[in-house]
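Written out below as structure tokens is the structure these notes cover.
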Amino acid sequence: MKGKSEKRTSLEPVILKAKPHPVEIDLQKAAIVIIDMQNAFLAKGAYSDLLGYDIRPARAAIGPIGRISRRARERGVKIIYLYIVHHPGDDGGGPNSVHWFKEASMKLHRAHPEFADKLPFPNKWGAKIVNELTPQKGDIVIEKPRYSGFFDTNIRTVLKRYDIKYLIITGVNSNCCVESTIRDAYHHGYFSILVSDATAAGGPPYIQKASLFNVKSFFGWVTNSENILKALE
């Protein structure tokens, strides 16, 4: 019998405590997915803050994500960063595109071009992942042009290459990019587990509750960072 402080020497399947029910995860086929933890969405004076969103819930997710990713690296579990970058005048599609009207960072930029560095634009400070969660050697970093990490990216090639089946999802915003990615993961046959205290919604508190409900009811499972850390011991 293993002592409480003894760690497993190999990546064994584990039963993860989650809602709506526990789920068995093969850690050799699991990845931690970190979505859009960028300056634009977490920094004071940047995009989300400029739009009037409360960035404190998003910043509160930094600690849990950091703890999960450090433990995952120690255990040899792959880390995948998804980060969004918009290309004004290139992928916006112009006034004939819904993206032109609905992508708030582009709308803000058209009204205030001086804000470019604070937005998730190419080679700008706003697009960079926050310092606390800087990708490390061996991590995979994937740029995405839309909310879902599966839209027009190579993530399926990456998941196939590493034989990944289970996606432990963290990041922002729960009701937008996180949920969009989980919905597409479901359609492609992946098991998604959203980590409730390592995610945050854009909007009032009930929005986070709604996303958690959607995920656990229709698209995957919901757990917390404590349960993930236990699974990675």
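Annotations for the structure displayed:
- Qualifying residue in the range 106-127 (condition: aliphatic (A, V, I, L, M), under 10 Å from Gln38 (Cα atoms) and out of contact with any Ser or Thr (no Cβ under 8 Å at 6 or more places or on another chain)): yes
- Reported count of residues in the range 92-121, each being in a loop (DSSP other than H, G, I, E, B) and under 22 Å from the mean Cα position of the chain (by Cα), is 4.
- Unmet criterion (only one of (1) surrounded by fewer than 22 Cβ atoms within 10 Å (Cβ to Cβ); (2) within 21 Å of Ile68 (Cα to Cα); (3) within 15 Å of the chain's Cα centre (by Cα); (4) among the charged types (D, E, K, R)) for Asp163: (3)
- Taking every residue in the range 212-223 that is on the phi < 0 side of the Ramachandran plot and touching a residue at least 60 places away in the same chain (Cβ under 8 Å) and pairing it with any residue that is assigned to a helix (DSSP H, G or I) and surrounded by 21 or more Cβ atoms within 10 Å (Cβ to Cβ), at least 6 positions away or on another chain, the pairs with Cβ-Cβ distances below 6 Å are Val222/Val215.
- Residue count for the range 123-151, restricted to those that are without any contact (Cβ under 8 Å) to a residue 60 or more places away in the chain, within 19 Å of Glu103 (Cα to Cα) and surrounded by 12 or more Cβ atoms within 10 Å (Cβ to Cβ): 4
- Candidates in the range 55-83 are the residues that are small (Gly, Ala, Ser) and touching a residue at least 60 places away in the same chain (Cβ under 8 Å); of these, the one that is nearest to Asn224 (Cα to Cα) is Ala61.
A short reminder: the numbers here are calculations on the coordinates, not readings from a lab. All figures in this text were calculated on a predicted structure; none of them were measured in a lab. A quick note on method: Cβ atoms are made from the backbone with ideal geometry, for glycine too, and the neighbour counts reach across all protein chains shown.
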